[in-house]
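K.L.:
Sharing a structure below in structure tokens format, with a few things to ask.
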Amino acid sequence: RRSVVIDLGCHAGGWSQIILERINREGFVVGVDKVLIEPLENHHFVQGDIQHAATIRKVEELLGGRQANLVLADLAEHLGHQSAGEEDKCKP
């Protein structure tokens, strides 16, 4: 059976690359992120916010009725440009 994987928050492409290596062109990988990534061979990319209906529709169209066997989600907000006090929100 062919693997169907959705990689949410796929920028910069590292996890998608590992998935692609593991499934050896036998599966189907869809990556979703707000930030554009460099194209990957045998990788289907959707640029958008997975919380928006339009993005979900694009993913569903690419899947063409297939169901995912695995969903990866690396959806942490980008913390590179924190405003004063933002670091306190990240502390346990």
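The values are calculated or read from the model by the stated rules, or taken from the named source; none is laboratory data. These figures come from a predicted structure and were not determined experimentally. Cβ sites come from the backbone with ideal geometry, for glycine too, and all protein chains shown count toward neighbours. All accessible areas refer to the heavy atoms of the entire protein, side chains included, with ligands and DNA or RNA removed. Shrake-Rupley method; radii C 1.70, N 1.55, O 1.52, S 1.80 Å.
K.L.:
Only strands (runs of 3 or more DSSP E) wholly contained in segment 1-82 count here; list those with 3 or more residues that are open to solvent by 30 Å² or more (accessible area, probe 1.4 Å).
P.N.:
Correct list: 43-47, 70-73.
K.L.:
Continuing with the same structure: Could you list, in sequence order, the residues of segment 27-81 that are basic (Lys, Arg) and over 10 Å from the mean Cα position of the chain (by Cα)? Full working, then the answer.
P.N.:
At the first step, the residues of segment 27-81 found to be basic (Lys, Arg) are 34, 57-58, 66.
Result: Arg57, Lys58, Arg66.
K.L.:
Going through segment 1-50 one residue at a time, which ones are in contact with a Cys (Cβ under 7 Å, 6 or more places away or on another chain) and modelled with pLDDT under 90?
P.N.:
Of everything in segment 1-50, nothing turns out to be in contact with a Cys (Cβ under 7 Å, 6 or more places away or on another chain) and modelled with pLDDT under 90.
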